[in-house]
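Structure first, commentary second.
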Amino acid sequence: MSSDLQHPASGRPAPSWAARLYRQLVQALLQRMAPRNIGALMESEQIRLAGTDPRVGAYALECNNPQALCFLVDAYPTLQQLFSRYPRMGTIRFLDIGPAFGAAAGLLSQMHRSHFLGPSLQVSALDIVDTRRAFIEMSFPLVDFLHARVEHLPPDALWDIVFCSNAIEHMDDPRAFIAQVLQHTQGHAVFMAPYREALPLSLDHRLQITEQTFEGFEGFELDSVKVFHSAAWPTTAEGVERQQILAVLKAA
């Protein structure tokens, strides 16, 4: 991740002397502000960086990020078990695919920035939407944001653990997408998605996801499957019960 500041007029990286000057000026201003006001300023910047429409930033902070964090809470016991399979003082290369506004990747990068909770994580977040880069890089500076499609990644781009939460149901061919993900997985791939979603499907969802979605991939075995209720995917207003599926694929 680059630490270069941008020139306010051109948007190009500022010279190193200018970057130092900008940083000193900002630090001097922040030292004169109350901590709560600094926090409010940072949140207003998050909203601004999320998109030209402030409603996008409000949605990120009020809806999308809380849901992503709730899904991470659901998945974390499984992730922690996977982390324990790696050397305690080692570093795991971790990729979050389809991170939305980066909340899950950001929390993991903070929790595992050291070896206090086990192996440290080197966290990357891959998305086809580049407009979220600024929001993620400001909000979660430990996360390395990658703008690309999985199928366009170079063959040597490999991660120990790949995490993909509530994205495959948006794909016309989830199994083809999973196969692409596995080409860049050298340890474990963890997928979460709505389980056997009732018809009609939610907006932008393409197919129902079941256990069979994760079976029969060459070079990988189905390590575990779990179906559960989640506060992030509650019963609908019409009373339709909804569940999530969490599947772990392990390199053979």
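Each label was represented as a point 7 Å from its Cα along the Cα-to-Cβ direction; for Met89 and Cys63 these points are 4.8 nm apart. Taking each residue as 0.36 nm, the span from Asp173 to Met138 lengthens on full extension beyond its C-alpha to C-alpha distance by 9.3 nm.
Helix screen, the chain: no DSSP H segment has Cα axial length of 27 Å or more and mean Kyte-Doolittle hydropathy at least -0.5. Plainly put, the chain has a radius of gyration that is 1.00 times its Kirkwood radius, both from alpha-carbon atoms, as the Rg/Rh ratio. Remark: the Ile38-Gln110 segment gains 23.9 nm on full extension, using 0.36 nm per residue and subtracting the alpha carbon distance. Amide hydrogen proximity for Phe145: with H placed 1.01 Å from N in the peptide plane, the residues at 5 or more positions away or on another chain lying under 5 Å are Ala125. Taking 0.36 nm per residue of separation and subtracting the current Cα-Cα distance, fully stretching the chain between Gln186 and Asp53 would add 43.9 nm.
When the trypsin sites (Lys or Arg not before Pro) in the stretch 112-160 are filtered for DSSP coil states and for at most 15 other beta-carbon atoms within 10 Å of their beta-carbon, the remaining sites are Arg113, Arg149. Using the alpha-carbon positions of the stretch 143-252, Rg (one decimal) and Dmax (whole number) come out as 14.6, 47 Å. For the stretch 147-252, the set of GluC sites (Glu not before Pro) satisfying both a DSSP loop assignment and a count of at most 12 other C-beta atoms within 10 Å is given as Glu218, Glu238, Glu241. Amide H contacts of Ser230: Gln244, each under 5 Å away and 5 or more positions distant or on a separate chain (H built 1.01 Å from N in the peptide plane; Pro and chain starts excluded). To check you understand DSSP bridge types, tell me what percent of the beta bridges within the chain (both residues inside) are antiparallel, rounded to 5. Approximately 45 percent, going by the DSSP bridge assignments.
Under the simplified labelling scheme, the Arg196-Gln27 pair shows an inter-label distance of 5.9 nm, with each label point 7 Å from Cα along Cα→Cβ. In summary, the convex hull built on the alpha carbon positions of the stretch 113-192 has an orientation-averaged projected area of 6.1 nm². Only beta bridges with both residues in the stretch 140-252 are counted; by DSSP, about 70 percent of them are antiparallel.
Read-outs throughout are calculated quantities, based only on the coordinates presented, and are distinct from any laboratory measurement. Keep in mind that what you see is a predicted model, and the values were worked out from it rather than measured. We place every Cβ from the backbone using ideal geometry, glycine too, and count neighbours over all the protein chains shown.
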